[in-house]
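One structure is given below, encoded as structure tokens.
The values are calculated or read from the model by the stated rules, or taken from the named source; none is laboratory data. The structure presented is a predicted model; accordingly, all values stated were derived computationally and were not measured. Note that each Cβ is placed from the backbone with ideal geometry, even for glycine, and that neighbours are counted across all protein chains shown. Please note that ligands, DNA and RNA were not included when accessible areas were found on the heavy atoms of the full protein model with its side chains. Shrake-Rupley method; radii C 1.70, N 1.55, O 1.52, S 1.80 Å.
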Amino acid sequence: MNFGEAIKALKLGKRVARKGWNGKGIFIKLKKGESLNIPNNRFNEVMTHDFIYIDTTGLRTNNPNAPMDRVPWLASQTDMLADDWVVVE
């Protein structure tokens, strides 16, 4: 898939990754924004716009210092021009 197709998959709730990424077991996913009018008083915790994050909590590596995180993600130019995007099940 190209990056445009990967974005469409994200919008459908899929997880996607690049075959060319060094780390195995990592992916990106879209987190949907929430309304500020939520019932459980989480006003200061709510993100109101959608954003993409990378999940490395399933990273398989021999490096014991590799980060196992979920953090906001931005695409590089090589990510945007790549054709090796895949849906991760």
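Summary of computed values
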| item | result |
| --- | --- |
| Three-way shape label, segment 48-89, alpha-carbon gyration tensor, a/c 1.5 | oblate |
| Table column - 3J(HN,Hα) (Hz), segment 81-89, Karplus curve with 6.51, -1.76, 1.60, x for Gly and Pro | 9, 6, 10, 10, 6, 9, 7, 9, 8 |
| Student exercise, the chain dipole from Lys, Arg, Asp, Glu Cβ charges, in Debye to nearest 20 | 180 |
| Protein accessible area in the chain, 1.4 Å probe - carbon and sulfur % | 52 |
| Helix-only [θ]222 nm of the chain, DSSP H runs n ≥ 4, -39500 (n - 2.57) each, per residue, nearest 500 | -4000 deg cm²/dmol |
| Potential lengthening between residue 43 and residue 65 on full extension [0.36 nm per residue; Cα-Cα distance subtracted] | 4.5 nm |
| Cβ charges +1 (Lys, Arg) and -1 (Asp, Glu), total dipole of segment 7-56, debye | 420 |
| Cross-link reach list, lysines versus residue 11, counting only Cα pairs under 22 Å and skipping chain neighbours closer than eight places | 19, 29, 31, 32 |
| Surface per residue (accessible, 1.4 Å probe) for segment 1-50, Å² | 71 |
| Built amide H within the under 5 Å cut-off of residue 88, gap 5+ | 15, 16, 17 |
